[in-house]
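Heads up: the structure comes next, in structure tokens.
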Amino acid sequence: MLDKRRLSRVIEKMTTDCLLITDPISIAYLCGKKIEPGERFLGLLIGKEIEPVLILNQLFRFSDELGIKIQYYKDTDRITNIISRFIDKKSSLGVDKIMPARFLIPMMEEKIASEFKLGSYAVDHTRAIKDACEQELMRAASHINDLAMAEFKKLIHEGVTEVEVASQMLGIYQRLGASGYSFEPIVAFGKNAADPHHMPDDTVLHEGDTVLFDVGCVVNGYCSDMTRTFFYKKYPTPEQVEIYNLVRQANENAEHYCKPGVRLCDIDAIARNIITEGGYGEDFTHRLGHFIGTETHEYGDVSQMFTDLTVEGNTFSIEPGIYHPSILGCRIEDLVLITKDGCEVLNHYPHEIEVIK
């Protein structure tokens, strides 16, 4: 069903007369229905002076369940002709960042609007502020992720491979109440943990190895994401302890700094400066975090280049890491929710050094 409150928030942020949204996830956010159009066109046209209309191939049929006007088209119809019925050629048209060129270029060539602008930020900025219901769903997803992390540790034993561990994770998530992964799990043993996006392979676990899990699940359409770094059977060396503690301090200090009205780049700097001053700045090779919600990576990030101010309802990751192949690959990641006067850390699995026996 069309969420008029969300729609109103998007329209308030628009800088064009009309906005054509083609991202299925953003359309689901506004209409309450996920539609996967494949190669066919799917668009939600909204504007300050027009009635919202969903432009949909006749292959998909809905009754009044969406609460919105639907304009069906056939495979033989020209999309530009369909859209032209609803907008004035003198209007400015915003398009979102994922619109395929095969649809956008004909619209521009046929001049169905007076000008074309990137307009997806109106939706992106609205989605970035989670309402009370969404916040509860984010808490629920992170709670299951905490429970799952404790279960994943039990999969670790001498001689097991990364792939063998990863192959059992989906069943654990589903047993705990999740519908699936929010992304394919990262399971990394030993030196593989120094590759931030290592995908599980046939690497065998040995005594003394690092064990890194970067995992997330989907609960009622909302995503979780968390990373923990463990040690197998042996307590880490002094150098490894130093690196682990730097990453932990970077994580916790950055989380402590999170509140409304601070620049996202400054949160990144809190963590990055700790790691740099500790002598491992070159081994922290990525941004501190990303926004998350109905997608694991939504618009917005916690990086040196992102100067936007945090607002209540923002939800993003804090995930510093140090990746030194000859010593240790380590990352500690939580999700945080910006609250009225601070932040709520959504993950509660401990940060202390833990040795899996």
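What percentages make up the Cα-Cα pair-distance distribution of the stretch 83-153 when the bins are 5 Å wide from 0? The percentages, shortest bin first, are 3, 12, 16, 13, 10, 9, 9, 9, 8, 5, 4, 2, 0. Cα centroids of the stretch 285-357 and the stretch 96-170: how far apart, whole angstrom? With the stretch 285-357 and the stretch 96-170 each reduced to a Cα centre, they are spaced 15 Å. For a straight C-alpha distance cut-off of 28 angstrom, the lysines reachable from Lys234 (same-chain residues fewer than eight places away being disregarded) are Lys153, Lys154, Lys191, Lys357. For Val336, the shell of other residues with beta-carbons less than 9 Å away shows a net charge of -3, using +1 for Lys and Arg and -1 for Asp and Glu.
Cα extents for the stretch 42-201 along the principal axes, largest to smallest and rounded to whole angstrom: 68, 33, 31. Pick out which of Asp146, Asp75, Asp334 has the largest mean-square fluctuation in a Gaussian network model of the chain, springs linking Cα atoms closer than 10 Å. Answer for the Gaussian network model of the chain: Asp75.
Within the stretch 4-127, antiparallel bridges make up roughly 35 percent of the DSSP beta bridges whose residues both belong there.
With contributions of -39500 (n - 2.57) from each DSSP H run of at least four residues, the per-residue ellipticity at 222 nm computed over the chain stands at -9000 deg cm²/dmol. Note on the chain: with a GNM built from Cα contacts shorter than 10 Å, the maximum mean-square fluctuation among Glu277, Glu312, Glu252 falls on Glu277.
For the chain, the Kirkwood hydrodynamic radius from C-alpha pairs, put into Stokes-Einstein at 37 °C and a viscosity of 0.692 mPa s, yields a diffusion coefficient of 148 µm² per second. In terms of its alpha-carbon gyration tensor, the stretch 216-335 comes out oblate; a/c meets the 1.5 threshold, while b/c is at least as large as a/b.
Under 16 Å of direct C-alpha separation, and excluding same-chain neighbours fewer than eight residues apart, Lys259 reaches these aspartates and glutamates: Asp268, Asp301, Asp308, Glu312, Asp334, Asp341, Glu344. For the cross-link pairs Lys4/Lys340; Lys13/Lys34; Lys13/Lys340; Lys130/Lys340, which exceed 18 Å when the distance is taken from alpha carbon to alpha carbon? Pairs exceeding the cut-off: Lys4/Lys340; Lys13/Lys34; Lys13/Lys340. For Lys89, a cut-off of 20 angstrom between C-alpha atoms picks up these lysines, skipping any fewer than 8 places away in its own chain: Lys48, Lys111, Lys117. For the chain, a Gaussian network of Cα nodes joined below 10 Å ranks Met108, Met226, Met169 by mean-square fluctuation, and the top entry is Met108. Considering only alpha-carbon pairs that sit under 8 angstrom and 6 or more positions apart, the relative contact order computed for the chain is 14 percent.
Note on the stretch 26-101: with charges restricted to the Cβ of Lys and Arg (+1) and Asp and Glu (-1), its dipole about the Cα centre is near 160 debye. Using a Förster distance of 30 Å, how high is the FRET efficiency between Arg175 and Lys357, based on the Cβ-Cβ distance and rounded to 0.05? Approximately 0.80, to the nearest 0.05.
Just so you know, all these numbers are worked out from the coordinates, no wet-lab data involved. This structure is a prediction, so every number in the text was calculated from the model and none was measured. Methodologically, a virtual Cβ is constructed for each residue, glycine included, from the backbone with ideal geometry; neighbour enumeration extends over all protein chains shown.
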